[in-house]
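Enquirer: Input: one structure, supplied below.
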Amino acid sequence: MSQKRVLSGIQPTSDSFHLGNYLGAVKQWVELQDSHDAYYCIVDLHAMTVETDPKLMRKRTLTSAAQLLAFGISPEKATLFVQSQVPAHNQLGWVMECLTGFGEASRMTQFKDKSQKSGADTTRVGLFTYPMLMAADILLYQTNLVPVGEDQRQHIELTRDIAERFNSKYGKTFVIPEGYILKEGAKIFDIQDPTAKMSKSAGSGAGLIEIMDTPEANLKKIKSAVTDAGREVKFDAKEKPGISNLLSIHSALSGKSIKSLELEFDGKGYGDFKTSVAEVVVEYLRPIRSKALELLEDEPYLLTILHDGAQKASSVADKTLEQTYKNLGLVL
Ligand code: AQP
């Protein structure tokens with residue numbers, strides 16, 4: 001039996017991914033490449049929905065590739081590519097926009113949140129149509145499974161709705177994808193404001209644990225993470241959001257269950273617990289950062305992997321696009 005297909009993407013919007021990107025998404029990417037036909041893409045076109053600097057875009061795209069490889073994405077097992085190198089994404093994106101209702105798109109909470117933060121004058125139309133481009137990213141590959149963090153659930157639902165609509169109106173064209181969202185740790189919160197998701201675009205960056213940050217900087221940040229009232233290390237997302245977030249992070253990286261961590265730190269204070277979280281995070285990330293820095297020294301190698309990936313991705317994407325155009329009655 002042929003393997004099920006997986007696709008996911010990540011934006012090159014920062015000099016480093018953060019722990020939320022890894023635990024919510026990329027960790028699953030690495031696991032799924034062993035059992036699935038995996039396509040992973042650096043979504044640079046999505047990154048253009050906010051202000052970008054051409055020099056930074058190039059650098060961040062390559063840094064993204066280096067981090068993904070350092071995390072364990074293997075070019076032998078998975079197809080790793082850059083979205084803009086596969087033109088079918090834009091082409092199907094337009095079709096998706098023409099199939100989506102304005103009201104339907106207006107309900108996307110990520111757009112509402114981000115546009116509210118930046119204001120109507122600076123919010124770009126591309127930010128509004130982003131979920132339709134994301135639908136194209138997914139549907140082009142006849143994807144079965146989309147591993148993402150909790151924040152992307154609504155976009156996956158929209159993709160399913162558009163695909164079902166297209167299939168029933170124009171004939172079966174797309175596989176209906178399913179989200180692959182973890183039950184625990186699918187949302188990692190800012191360590192300075194544990195009510196907000198850890199996000200690259202978060203204010204000061206003090207609440208972000210960044211993969212490419214030095215071990216010393218991350219150690220310091222985690223030791224200064226906000227905690228909650230009381231002194232008991234116990235998972236309670238409502239009453240103790242700070243400690244609960246740190247417990248999720250510790251558990252995901254150390255492999256220890258939350259229950260066993262609660263027992264281990266029973267009777268000890270928040271200080272001991274935060275020191276342990278800091279050590280676990282720093283030691284986990286240390287070799288990944290070193291590997292990414294080493295890969296960045298060899299730009300031709302990174303470019304070759306990405307070009308090979310784009311070629312392979314195009315051969316799948318072009319077939320879907322052709323079938324879509326055919327079903328829509330376009331003259332080929
Ligand atoms: N805090 C998070 N917890 C769990 N998963 C998360 N993801 C992002 N933040 C968290 C998941 O990471 C994947 C890639 O995300 P993205 O690069 O597409 O951007 P995003 O979701 O918009 O992440 P950011 O950090 O908030 O970026 P900016 O600030 O640039 O918008 C996705 O699967 C996402 O679910």
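Enquirer: I want the local charge near T227. Using Cβ-Cβ distances under 10 Å, sum +1 for each Lys or Arg and -1 for each Asp or Glu among the other residues.
Expert: Once positives and negatives cancel, what remains is +2.
Enquirer: Let me know the Rg and Dmax you get for the chain when you use only its Cα atoms, in Å.
Expert: When restricted to Cα atoms, the chain yields Rg and Dmax of 20.5, 72 Å.
Enquirer: Can you give the FRET efficiency for S315 and A217, using 1/(1 + (r/R0)^6), R0 = 51 Å, r = Cβ-Cβ distance, to the nearest 0.05?
Expert: E(calc), rounded to 0.05, equals 0.75.
Enquirer: Two decimals is fine: what's Rg over Rh for segment 179-278, C-alpha atoms, Kirkwood radius as Rh?
Expert: 0.94
Enquirer: Continuing with the same structure: Using only the alpha carbons of segment 1-145, determine the length spanned along each of the three principal axes and report them from longest to shortest in whole angstroms.
Expert: For segment 1-145, the Cα extents along the three principal axes come out at 45, 35, 27 Å.
Enquirer: Take I249, I288 and order them by how many other Cβ atoms sit within 10 Å, fewest up front. The partial results should precede the final answer.
Expert: Working: I249 25, I288 18.
So the ranking, lowest neighbour count to highest, is I288, I249.
Enquirer: With r defined as the distance between the Cβ atoms of L303 and Y325 and R0 fixed at 22 Å, what FRET efficiency is calculated, to the nearest 0.05?
Expert: The pair L303/Y325 has a calculated efficiency of 0.10.
Enquirer: Moving on. Counting other C-beta atoms within 10 Å, which of C98, C41 has the fewest, and how do the rest follow?
Expert: By the 10 Å Cβ count, ascending, the order reads C98, C41.
Enquirer: Under 5 Å between amide H atoms, partner at least 5 residues away or on a different chain: which partners does M108 have, H built in plane at 1.01 Å?
Expert: Amide H to amide H, under 5 Å and 5 or more residues apart or across chains, M108 pairs with nothing.
Enquirer: Moving on. Quick one: length gained pulling K4 to N90 fully straight, 0.36 nm per residue minus the C-alpha distance?
Expert: 28.5 nm
Enquirer: With a point put 7 Å past each Cα toward its Cβ, work out how far K59 is from S106 in nm, to one decimal.
Expert: Between K59 and S106, the simple spin-label model gives 4.1 nm.
Enquirer: Just rank V282, V82, V125, fewest to most, by other beta-carbon atoms within 10 angstrom.
Expert: V125, V282, V82
Enquirer: Taking amide H positions as placed in the peptide plane 1.01 Å from N, state which residues far from G9 in sequence (5 or more) or on other chains have amide H under 5 Å from it.
Expert: C41
Enquirer: Another one. Quick one: which of K268/K291; K200/K240; K77/K169; K27/K240; K183/K268; K187/K326 span more than 32 angstrom between C-alpha atoms?
Expert: Details: K268/K291 35 Å; K200/K240 24 Å; K77/K169 36 Å; K27/K240 25 Å; K183/K268 28 Å; K187/K326 40 Å.
In this structure, K268/K291; K77/K169; K187/K326 exceed 32 Å between Cα atoms.
Enquirer: Once you put a point 7 Å from the Cα of K183 and another 7 Å from the Cα of L332, both along the Cβ direction, what distance in nm separates them?
Expert: The modelled label-to-label distance comes out at 4.4 nm.
Enquirer: By Kyte-Doolittle mean hydropathy of at least 0.5 and Cα axial length of at least 15 Å, which whole DSSP H helices of the chain are selected? Don't skip to the end; give the middle numbers.
Expert: Numbers: long enough: 54-71 (26 Å, 0.07); 88-99 (17 Å, 0.25); 125-139 (22 Å, 1.52); 153-170 (26 Å, -1.31); 241-254 (19 Å, 0.74); 270-296 (38 Å, 0.19); 299-328 (41 Å, -0.49).
What comes out of the filter, once short or polar helices are dropped, is 125-139, 241-254.
Enquirer: Now a separate question. In a shell of Cβ-Cβ distance under 13 Å around E157, excluding E157 itself, what net charge do Lys and Arg (+1) and Asp and Glu (-1) give?
Expert: So the environment of E157 carries a net charge of -2.
Enquirer: Then there is this: Provide the net charge surrounding T304, with neighbours chosen by a C-beta distance below 13 Å and charges set as Lys +1, Arg +1, Asp -1, Glu -1. Kindly include the intermediate steps, with their values, before the conclusion.
Expert: Working: positive: K312; negative: D298, E299, D308.
Result for the neighbourhood of T304: -2.
Enquirer: Now for a separate question. Relative contact order of the chain, please, whole-number percent, based on alpha carbon pairs below 8 angstrom and at least 6 residues apart. Don't jump to the answer; show the numbers that get you there.
Expert: On the way: 519 pairs, mean separation 76.7, N = 332.
Result for the chain is 23 percent.
Enquirer: How long is the gain from T122 to E279 if the chain were fully straight, where each residue apart is worth 0.36 nm and the alpha carbon distance is subtracted?
Expert: 52.5 nm
Enquirer: Here's another thing I want to ask about it. For segment 232-332, calculate the relative contact order in percent as a whole number, restricting contacts to Cα pairs under 8 Å that are 6 or more residues apart.
Expert: On the way: 49 pairs, mean separation 20.1, N = 101.
Computed over segment 232-332, the figure is 20 percent.
Enquirer: With r as the distance between the Cβ atoms of R153 and E232 and R0 = 45 Å, compute the FRET efficiency 1/(1 + (r/R0)^6) and round to 0.05.
Expert: The value I calculate is 0.90.
Enquirer: List the residues whose amide H sits under 5 Å from the amide H of T79, counting only those 5 or more places along or on another chain, with H placed 1.01 Å from N in the peptide plane.
Expert: Those lying under 5 Å, H to H, from T79 are A38, Y39, Y40.
Enquirer: Once you've got the GNM for the chain with C-alpha springs shorter than 10 Å, pick whichever of F71, F265, F189 has the biggest mean-square fluctuation.
Expert: Greatest mean-square fluctuation among the candidates belongs to F265.
Enquirer: Starting from the Cα-Cα distance between E264 and R165, subtract it from 0.36 nm times their residue separation and give me the gain in nm to one decimal.
Expert: 30.5 nm
Only the coordinates and a few stated rules stand behind these numbers; no lab work does. Because the structure is predicted, anything quoted here is derived from the model rather than measured. Heads up, the Cβs are rebuilt from the backbone with ideal geometry, glycines too, and the neighbour counts pull from every protein chain shown.
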